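For reference, the structure discussed in these notes is given below.
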Amino acid sequence: MAKVFDIFNIKKQKTTLESQNEQLTVGIEIDIIAQKSIVDEDNVICDLGTLITGPVQPILTSYPLTKFGTQNRAFNNKHYKIYEWLEYSISKDSIFCFACRNSNTGNSGNFEDSFLVGFRNWKKLSVSNGTKGGNKSKINKLDTHAKSNLHLTCMVKWSAYQKTKETGSVYSQISSQHTLMVESNRKYMKILVDIVLFISCQGLSFRGHDETKDSLNQGNFKEICKLLAKNNEEFAKKFNLKTNYSSHIIQDELTSILADIVKETIVKDIEDVEVFGIMCDEARCYKQEQMALCVRYVKNLDVVERFLGFIDCSKKQDAESLYQHILWYLKNCNLSSKPQIVAQSYDGANVMSGKFNGLQSKVKSQYPYAIYTHCMAHKMNLIVIDMCKYVKVMNIFLYLFLYQ
């Protein structure tokens with residue numbers, strides 16, 4: 001029915017401007033799709049740039065015309081070459097100031113606001129400012145905006161942001177400096193660890209009797225540090241500081257840490273083979289009684305013996321106490337469950353070798369395969385003592401053999 005009455009409708013003639021704009025529709029739609037779209041606060045799709053992408057400056061074959069009086073005007077992309085901060089929105093057919101739009105934090109209060117929300121008065125992009133000396137002078141709105149305080153401030157902020165992308169922000173620079181400092185400190189501490197390992201492997205003492213600066217011998221640890229400082233400038237810078245981590249407290253702490261690492265390595269080897277033997281003996285120093293615990297196991301088809309640690313057993317030295325001390329220490333080393341004790345070796349004292357109530361019988365009650373063997377070194381010691389009692393000449397022989 002609607003088509004029947006169409007004959008009574010007078011078709012409106014298209015103006016020249018509408019005809020030209022219609023021809024540009026297809027090209028403009030393609031350019032809009034090509035631009036990266038974002039959504040502004042009013043949920044209006046706009047194709048402007050971000051701080052990451054930079055100003056969006058699309059080059060079109062022709063731009064939409066807008067009628068001002070009797071003339072049709074449009075944007076000209078030649079302005080891109082003059083004003084790097086200029087950007088054009090195809091969807092809004094307006095120009096914006098990229099720097100002010102992304103860096104402005106307040107209100108300008110003047111016409112520069114139009115470059116924040118979109119400027120499209122092409123007629124006033126270049127306007128007359130009256131006569132001056134008989135000649136008309138023209139002021140470009142873009143030039144006026146470029147010289148405004150708001151724009152200059154925003155340009156400084158944008159330039160600073162671009163520089164931070166190259167050199168990094170203040171935070172990243174501080175972080176980089178912190179990383180270098182941490183790396184330098186780690187190199188210094190690594191050298192101190194190497195010194196501790198060297199002194200420990202050589203069986204040398206760490207400290208001397210007098211460690212003051214005026215002392216001729218400050219002990220092996222500090223003397224080695226001073227020797228390295230003469231040939232290593234980076235190490236010398238750290239060592240000559242007031243806090244150089246060479247005190248006896250740090251030495252003890254480094255030694256303890258390295259001892260724990262060695263112990264973890266031994267435990268890992270034992271866990272791999274799952275069976276091991278234990279050897280222990282006691283020694284008294286004044287009022288303190290310590291028991292040295294060693295382990296024996298196979299590594300790469302080689303039998304190795306390793307010292308595991310000292311156990312303080314000053315309070316009581318009966319079989320039950322020593323047994324509980326050993327179990328407690330093995331539990332702390334994670335050796336009390338999966339790895340099985342298959343051998344044990346002590347001296348011939350009744351508290352250690354007793355068949356019914358000795359340490360070896362208590363260990364065997366929990367580890368049935370822990371075969372007891374009288375320590376060969378202790379056997380040899382008993383033989384030599386008995387031999388010296390009955391063969392007097394052996395005293396002279398051993399003295400000359402050992403001390404001459």
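The values are calculated or read from the model by the stated rules, or taken from the named source; none is laboratory data. In this text, all values refer to a predicted model and were calculated from it rather than measured experimentally. Positions of Cβ are backbone-derived with ideal geometry, glycine not excepted, and every protein chain shown enters the neighbour counts. Surface accessibility is based on the protein's heavy atoms, side chains included, excluding ligands, DNA and RNA. Shrake-Rupley method; radii C 1.70, N 1.55, O 1.52, S 1.80 Å.
Going by the conditions given, is I385 open to solvent by 90 Å² or more (accessible area, probe 1.4 Å), free of Cβ contacts under 8 Å to residues at least 40 places away in the same chain and over 20 Å from D318 (Cβ atoms)? So I385 fails the test. Scanning the range 157-198 for residues that are modelled with pLDDT of 90 or more and either outside any helix (DSSP H, G or I) or open to solvent by 100 Å² or more (accessible area, probe 1.4 Å) (or both) turns up R186, K187, K190, F198. Go through the residues of the range 12-21 one by one and say whether even a single one is more than 18 Å from K124 (Cα to Cα), at pLDDT below 85, small (G, A, S) and outside any helix (DSSP H, G or I). For the range 12-21, residues more than 18 Å from K124 (Cα to Cα), at pLDDT below 85, small (G, A, S) and outside any helix (DSSP H, G or I): absent.
Applying the criterion of being modelled with pLDDT of 85 or more and in a loop (DSSP other than H, G, I, E, B) to the residues of the range 63-72, the residue that is nearest to the chain's Cα centre (by Cα) is Y63.
Of all residues in the range 262-282, how many are free of Cβ contacts under 8 Å to residues at least 24 places away in the same chain and within 30 Å of A349 (Cβ to Cβ)? Residues flagged as free of Cβ contacts under 8 Å to residues at least 24 places away in the same chain and within 30 Å of A349 (Cβ to Cβ) within the range 262-282 amount to 1.
Selection of the range 213-239 for residues being more than 18 Å from Q251 (Cβ to Cβ) and either among the β-branched types (V, I, T) or not in a helix (DSSP H, G or I) (or both) yields D214, L216, N232.
Of the residues making up the range 199-212, those that are hydrophobic (A, V, I, L, M, F, W, C) and either open to solvent by 60 Å² or more (accessible area, probe 1.4 Å) or assigned to a helix (DSSP H, G or I) (or both) are I199, C201, L204. Taken together, the residues in the range 66-95 that are under 24 Å from Q162 (Cα atoms), of a type in the set (A, V, I, L, M) and touching a Ser or Thr at 6+ places or on another chain (Cβ under 8 Å) amount to 1. Within the range 299-315, the set of residues being over 16 Å from V262 (Cα atoms), surrounded by fewer than 16 Cβ atoms within 10 Å (Cβ to Cβ) and in contact with an Asp or Glu (Cβ under 9 Å, 6 or more places away or on another chain) comprises D312, S314, K315.
When the range 78-99 is limited to residues that are over 19 Å from T50 (Cβ atoms) and exposed (fewer than 15 other Cβ atoms within 10 Å of the Cβ), the one that is farthest from the chain's Cα centre (by Cα) turns out to be K78. Looking at the range 214-231, which of the residues that are out of contact with any helix residue (DSSP H, G or I) (no Cβ under 8 Å at 6 or more places or on another chain) and either at pLDDT 90 or above or not small (G, A, S) (or both) is least open to solvent (accessible area, probe 1.4 Å)? If we take residues in the range 214-231 being out of contact with any helix residue (DSSP H, G or I) (no Cβ under 8 Å at 6 or more places or on another chain) and either at pLDDT 90 or above or not small (G, A, S) (or both), then G219 is least open to solvent (accessible area, probe 1.4 Å). Just for the range 109-120: of the residues that are more than 17 Å from E87 (Cβ to Cβ) and surrounded by 12 or more Cβ atoms within 10 Å (Cβ to Cβ), which one is modelled with the lowest pLDDT? Taking the candidates together, the pick is F111. For the range 345-360, the criterion of a residue being in contact with a Lys or Arg (Cβ under 8 Å, 6 or more places away or on another chain), in a loop (DSSP other than H, G, I, E, B), more than 21 Å from K263 (Cβ to Cβ) and at pLDDT below 90 is satisfied by at least one position.
N135 meets the stated requirement of being loosely packed, with under 10 Cβ neighbours inside 10 Å and either at pLDDT below 85 or out of contact with any strand residue (DSSP E or B) (no Cβ under 6 Å at 6 or more places or on another chain) (or both).
Within the range 163-178, residues that are within 17 Å of I52 (Cβ to Cβ) and of a type outside the set (D, E) reach partners that are modelled with pLDDT under 75 and open to solvent by 100 Å² or more (accessible area, probe 1.4 Å) with beta carbons closer than 9 Å, at six or more positions or on different chains, in the pairs T164/V170. Residue check: is S321 without any contact (Cβ under 8 Å) to a residue 24 or more places away in the chain, in contact with an Asp or Glu (Cβ under 8 Å, 6 or more places away or on another chain) and either among the basic types (K, R) or open to solvent by less than 90 Å² (accessible area, probe 1.4 Å) (or both)? Judged against the criteria, S321 is not a match.
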